[in-house]
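Working notes, beginning with the structure itself.
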Amino acid sequence: MPPSSVCSLSAGFSPSTTHAGRVPAGLVPAEGNVNHLHALPEWAVTVTLVRDNQPVLTAVHLPLTGQTCTALAGAGARLDGRPLHVSQAADLGLSLVATSRARPDEDEKTVRRIGSSVTAMLLDALVVRTSVPATLHLLDVAAGRTDAFRQFAGARTDLLPGALLVAEAGGRISDTEGRPWTPQSKSFLAAAPGVHTAAVTTLSR
């Protein structure tokens with residue numbers, strides 16, 4: 001792949017990043033660097049092919065387990081070749097919900113919004129998890145192990161790999177108010193279809 005066609009997802013991209021018709025790819029050498037530095041196992045290496053600011057192909061590799069997750073737009077999501085499917089959860093009150101702080105330098109307004117969303121979900125969901133990186137939470141949503149994930153502001157293009165995994169596993173992607181999500185959106189929600197509406201209601205309070 002020509003070097004000019006590779007750009008960091010954390011740096012963002014736009015159609016102007018293409019060169020001579022090439023489709024840019026987003027490469028993240030390691031997601032979950034904080035975890036890696038603290039000897040925690042939740043980190044991964046990802047690469048995502050992006051067309052018109054939408055992910056069309058992604059691969060997420062977990063070095064410590066040897067697992068590899070892939071998703072191709074229109075062709076489903078897989079974990080080591082096995083199809084992934086979101087959960088059949090239909091009751092937010094029985095659901096495991098996750099969130100992530102995208103980066104440590106978020107402004108106070110965003111931090112308070114994250115805090116209020118945690119409070120809201122603690123009242124309405126069964127369990128709330130908070131950790132990084134977002135991609136691994138989204139892999140859990142795609143695999144049916146977590147029922148919903150939301151994030152505010154932060155490194156929004158880093159959500160592209162996980163968004164494709166969840167969408168191809170049958171989940172719903174939107175912002176936290178239920179509107180279509182793009183990398184320019186101020187919030188993000190990925191959920192099993194059966195709890196998506198309830199999650200939007202909770203996060204919109």
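Fewest-first ordering of VAL111, VAL195 by other beta carbons within 10 Å of each residue's beta carbon gives VAL111, VAL195. Measuring r between the beta carbons of ASP80 and SER204 and using R0 = 30 Å, the FRET efficiency lands at 0.20. Label point of ALA90 set 7 angstrom out along Cα-Cβ; within the range 157-180, amide nitrogens under 19 Å from it belong to 170-172. Cβ crowding within 10 Å ranks HIS36, HIS196, HIS137 as HIS36, HIS196, HIS137, fewest other Cβ atoms first.
Measuring between their Cα centroids, the range 177-205 and the range 64-122 lie 12 Å from each other.
Annotation: the antiparallel percentage among DSSP beta bridges lying fully within the range 92-203 is about 55.
Laboratory data are not the source of any read-out in this text; all were calculated from the coordinates shown. Note that the structure is predicted; figures quoted are calculated from it, not measured. Glycine gets a Cβ as well: all are built from the backbone with ideal geometry, and neighbour counts include every protein chain shown.
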